[in-house]
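Below is one structure, written out as structure tokens; the observations come after it.
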Amino acid sequence: MSNVFKTAMLLALLTAMLVLIGGAIGGQQGMVVAFMVALAMNFFSYWFSDRIVLAMYRAAPIDEAQAPGLYAIVRRLATRAGIPMPRVYLIPTDTPNAFATGRNPEHAAVAVTEGIMRILDEEELEGVLAHELSHVTNRDILISTIAATLAGAITYLAHMAQWAAMFGGGRSDDEEGGSNPFALILMAVLAPIAAMLVQLAVSRAREYQADASGARLAGKTWGLAKALEKLQMAQQALPMAANPATAHLFIVNPLSGQALMTLFSTHPPLEERIARLRAMRP
């Protein structure tokens with residue numbers, strides 16, 4: 001429950017930031033327009049995000065005849081979770097990783113790389129897939145879409161504030177509640193950074209929750225813990241050429257291995273995730 005509460009608080013913070021920037025610009029109409037633009041962009045990504053990301057990584061659908069073991073694991077976990085059988089895809093890359101996508105359990109898909117199929121045994125692969133199906137049952141994709149919508153609107157409004165400050169826009173100081181140009185500039189710089197950090201915090205909270213619920217779904221904690229240990233070593237040796245905008249989807253950060261990226265990672269440290277899993281009761 002703590003992760004759910006934390007996520008709700010972070011989303012509330014994004015909403016508050018959005019309102020504050022709109023007030024700083026001084027135009028209620030401008031705030032509404034910018035927010036509607038962000039909503040429209042994220043509405044499109046909500047409905048078509050699964051197709052976009054699967055095509056981005058050249059993921060190909062596979063049937064049960066091609067991967068009977070993989071299908072058996074996914075079907076078993078989906079039955080335990082009480083959700084329809086998701087579509088299954090294979091990503092043609094040697095880097096071991098996996099992700100789930102889809103706007104709800106009825107339109108879900110799981111994708112695994114060729115690399116992860118080679119290095120994980122059945123128990124470890126089950127742990128990974130249980131983690132990904134937990135993202136589906138927890139409706140994490142919906143949460144991340146909301147966060148992206150609000151953060152996108154914040155960033156857009158911050159740019160509007162920057163231009164308003166440069167060209168003397170916004171309300172004058174003589175008007176009641178007038179805005180300070182220097183405050184607008186400061187907000188324009190800090191707001192996108194703050195929105196990004198909140199998005200990352202939302203993603204990290206959901207990863208911890210998916211680890212815990214995935215371990216319960218699989219019926220054991222050590223499968224996922226051992227899988228994460230293998231993925232950690234493999235990711236350092238063979239990082240993935242991934243789009244940063246989709247990094248939060250993968251079970252381990254495909255952009256890891258760079259010190260700066262660790263600071264702004266969408267995933268919590270693997271060492272911490274493994275430690276939490278090993279501390280759980282079997």
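The values are calculated or read from the model by the stated rules, or taken from the named source; none is laboratory data. The shown structure was predicted, so the numbers you read here are calculated from the model rather than taken from an experiment. All Cβ positions, even for glycine, are placed from backbone atoms using ideal geometry, and neighbour counts span all protein chains on display.
Scanning the stretch 108-115 for residues that are aliphatic (A, V, I, L, M), closer than 20 Å to MET233 by Cβ and modelled with pLDDT of 75 or more turns up at least one hit. I'd like to know if the stretch 57-65 contains one or more residues that are touching a residue at least 24 places away in the same chain (Cβ under 8 Å) and buried (at least 18 other Cβ atoms within 10 Å of the Cβ). Taking every residue of the stretch 57-65 in turn, at least one turns out to be touching a residue at least 24 places away in the same chain (Cβ under 8 Å) and buried (at least 18 other Cβ atoms within 10 Å of the Cβ).
Being at pLDDT below 80, assigned to a helix (DSSP H, G or I) and touching a Leu at 6+ places or on another chain (Cβ under 9 Å) is true for just one of ALA205, ALA227, ALA191. Which residue is that? So that I can check it myself, show each step before the final result.
Working: ALA205 fails: at pLDDT below 80; ALA227 fails: at pLDDT below 80.
Residue meeting the stated conditions: ALA191.
Within the option set ALA100, ALA111, ALA130, being surrounded by 22 or more Cβ atoms within 10 Å (Cβ to Cβ), touching a helix residue (DSSP H, G or I) at 6+ places or on another chain (Cβ under 7 Å) and part of a helix (DSSP H, G or I) holds for one residue only, ALA130. Looking at the stretch 74-88 only, could you name the residues that are surrounded by 19 or more Cβ atoms within 10 Å (Cβ to Cβ) and among the aliphatic types (A, V, I, L, M)? Within the stretch 74-88, VAL74, LEU77, ALA78, VAL88 meet the criteria.
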